[in-house]
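*Asks:* Here it is, the structure, as structure tokens.
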Amino acid sequence: MPRGKIYMATRTTTGSMARLYKNLQRNMSKAANAAMRQTMQYAKETAKETTSFQDRTGQLRRSIQAGLTEEATPSMPVVVGALSAGYPEFGYKNTVGKFISTELYAPIVELGTKTAIGAIFPINRKALGHRGSKGHPEFGPVANVKEHPGVNPHPFIWPTMMQIAAQNVLGQTLEAALASLYP
């Protein structure tokens, strides 16, 4: 060897390189899953803090859920997160133990109704309180409402996801997760 220079030689076998590669893939998949899970949790908290709609009962806010629909694996490096509201399995039980679902309610709040809704009938009562229909200028009980004018949209899921994307929350979270793997 020539003087003044240091040479370093490393020998490795194909098997140990394959193990290193598999460990790297596994660790990156874990980091991606953890980053997406953390990002979706942040999205859930952000969506629940929205003021875009009035939630008198709290049932719509309670139905907001987030999680992973697909996890990354070494053989399938894709992770998919989801933020949702209104799915029946995310409902809750009210004070008398009846299961309440926001299945139909959440999309109406998020998207609104572009056209008038048909007749509305009471479910648990014999009459509805209604103001301003033909023949009922004052508030009072009616058997049904012939036509509802529709509902304006009050989006809360889509703006939350756009905010998360604009802030690059996933990128920052993934970067931190990967940095913790190999400090």
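*Asks:* Mind checking which residues of region 32-75 are aromatic (Phe, Trp, Tyr) and closer than 30 Å to residue 180 by Cα?
*Replies:* The answer is 42, and nothing else.
*Asks:* Being at pLDDT below 90, closer than 15 Å to residue 43 by Cβ and either under 29 Å from the mean Cα position of the chain (by Cα) or not assigned by TED's automatic domain parsing to the domain that holds residue 34 (or both) is the requirement here; does residue 128 meet it?
*Replies:* no
*Asks:* So, in region 47-67, exactly how many residues are of a type in the set (A, V, I, L, M, F, W, C) and under 19 Å from residue 37 (Cβ atoms)?
*Replies:* 3
*Asks:* Here's another thing I want to ask about it. Return a yes/no flag: does region 56-64 have any residue that is β-branched (Val, Ile, Thr) and either surrounded by 15 or more Cβ atoms within 10 Å (Cβ to Cβ) or at pLDDT 85 or above (or both).
*Replies:* yes
The values are calculated or read from the model by the stated rules, or taken from the named source; none is laboratory data. Since the structure is predicted, the reported quantities are computational estimates derived from the model, not experimental observations. All Cβ positions, even for glycine, are placed from backbone atoms using ideal geometry, and neighbour counts span all protein chains on display.
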